[in-house]
1. Give the Rg/Rh ratio for segment 243-339, taking Rg as the radius of gyration of the Cα atoms and Rh as the Kirkwood radius, to two decimals.
2. Find the all-direction average of the projected area of the Cα convex hull for segment 215-282, expressing the result in square nanometres with one decimal place.
3. Quick one: grab Rg to one decimal and Dmax as a whole number for segment 344-413, Cα atoms only, in Å.
4. Taking the Cα centroid of segment 377-435 and of segment 39-86, what is the distance between the two, rounded to the nearest whole Å?
5. Please state, as a whole number in µm²/s, the translational diffusion coefficient that the Stokes-Einstein equation yields for segment 44-104 at 10 °C and 1.306 mPa s, with Rh defined as the Kirkwood radius across alpha carbon pairs.
6. When the chain is fully extended, how far beyond the present Cα-Cα distance does V344 get from N185, taking 0.36 nm per residue of separation?
7. Taking the simple approach of a point 7 Å from Cα along Cα-to-Cβ for both T262 and S97, what is their distance in nm?
8. How large is the translational diffusion coefficient of segment 287-365 in µm² per second when you combine the Kirkwood radius over alpha carbon pairs with Stokes-Einstein at 20 °C and 1.002 mPa s?
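Any read-out appearing in this document is the output of simple, stated calculations on the displayed coordinates, not a laboratory observation. These numbers come from a predicted model, not from an experiment. Note that each Cβ is placed from the backbone with ideal geometry, even for glycine, and that neighbours are counted across all protein chains shown.
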Amino acid sequence: MTEENIHDTIPDTNTLHNVEDEEDFATLFEKSGTASKRLEPGQKVSARIVSISGDFAFIDLGGKSEGVINLNEFLKEDGTYSVSEGDTIEAFFVAFSDGLKRFTSRTKGYSTVDLQGIRNAYEANLPVNGKVTSELKGGFEVHVGKIRCFCPFSHIDLKGERKSELYINQTFPFKVLEYKENGRNVILSRRVLLEEEQEERLKKFKESLQVGMEVTGKVRAIQKFGAFVDLGGIDGLIPSSELSWNRAEKAESLLSQGQEVTVRIIAIDWARNRLTLSIKSMQPDPYTSAAEKYPIDSMVKGTVVRLESFGAFVNLEPGIDGLIPVSKFGTGRRIKHPKEVVEVGQFVEARIIDVNAANRKITLSMEQKINLEEIQLPAVSDIVQGTVERVIPAGLFLKIGDYLTGFIPNSEMGTPRGTNHNRMFPPGTIFQAIVIEVDKNRKKVTLSRNKVDEKIEEDTYNSYRDSVKKEERATGGLGSLGDLLREKWGSL
């Protein structure tokens, strides 16, 4: 190892000495209590009362540092104090004056009687207690101790009231908005404190709200899409669909502005500042008894309330609509839209064919009920004519007459493999098919389209053959030659 490398490995004694000095100094500084951060006006601390002497309570700030709070802040009506030595309290730093770190425990209004105290409160962002003494141009005169201050009309409360009788000779906490001209111009605001209180109250209120909770409020406004309810500083919306189980009900017919209502919270979205409420969810769900009230095959009456391409909705009672599918109108023909048969507002009678309470669906039919035993089934090899009802991947359903539907598998369609039957044979297409299978127990018929031509040719040939045989029997079996011979020999 070279001499240069040896010197590189030997620590610098000066460096060691400096590091040790820094560590010792930091330790001593922390132990002395002077390492604590500098207190800022308005800073909140939690401290223990170490002694009570004269007009002050002394609090421990750590180390050898203490602060003082005026004992009058803890004075009770009976003349005793609400604190004693050893109690831990929360306090706010006001200012350093006369060699003392002064604190206050009051957040509603810091009591001060001199100009310096107002300035301290201004710098510490703490409220002061002031008495409204008279009305001035543009606002009110307020005395904080013996100091005359000014509060504009717009800052006396949240609404900016100008009714002097509400405020004169009343004492309120105020926020010092401005401190100018060495205290000759002090502007106060009560509204700022009220807004802070309101915001804090709303924050706590928001934290308490949960989905499913029932709350009471007042209707603030009614709109076409629902009603806004004031829950105490927070607005919630009752959508039209959540006003009642009866969809036909309008907000203006159920509620009035200023009305007190109890609602249930069904959705909370504070990111978008939205609160969704419901009156409907607090009422019994009519679908809970729908299965018992509307048995299958029972007849019901109702009013058509909505038309869609797939069917018509009929209102049976508040909260319950039944659907008549477009194929269940019993017209005996295919219709493209329910408006061909019914219209909104029309009173109709229908039959219950299905009730699904879990999915809130009731299916109706205006078709005449048919006894399946009375349906006449075609025989195997019969040729029938029908109308395409619907196409599925496995084949095609062909409606035969009014009450029977047959199925044609793809293999019996007589089309190349992969043909788009839905495009080639859209619903409503009419063609012939031959019956290849009949299930009498299940009332099902299987058809074939590719054997129709073959069957027609066979039937045509058989019909021709039968007519020839009949003619031969009538002429003795000799045909036209026999006729000629009979005519010839008959003349002899």
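1. 1.09
2. Quarter of the Cα hull surface area: 4.1 nm².
3. 16.3, 48
4. Going from one Cα centre to the other spans 96 Å.
5. 136 µm²/s
6. Net length gain for the segment: 50.1 nm.
7. About 5.4 nm, to one decimal.
8. The diffusion coefficient I find is 171 µm²/s.
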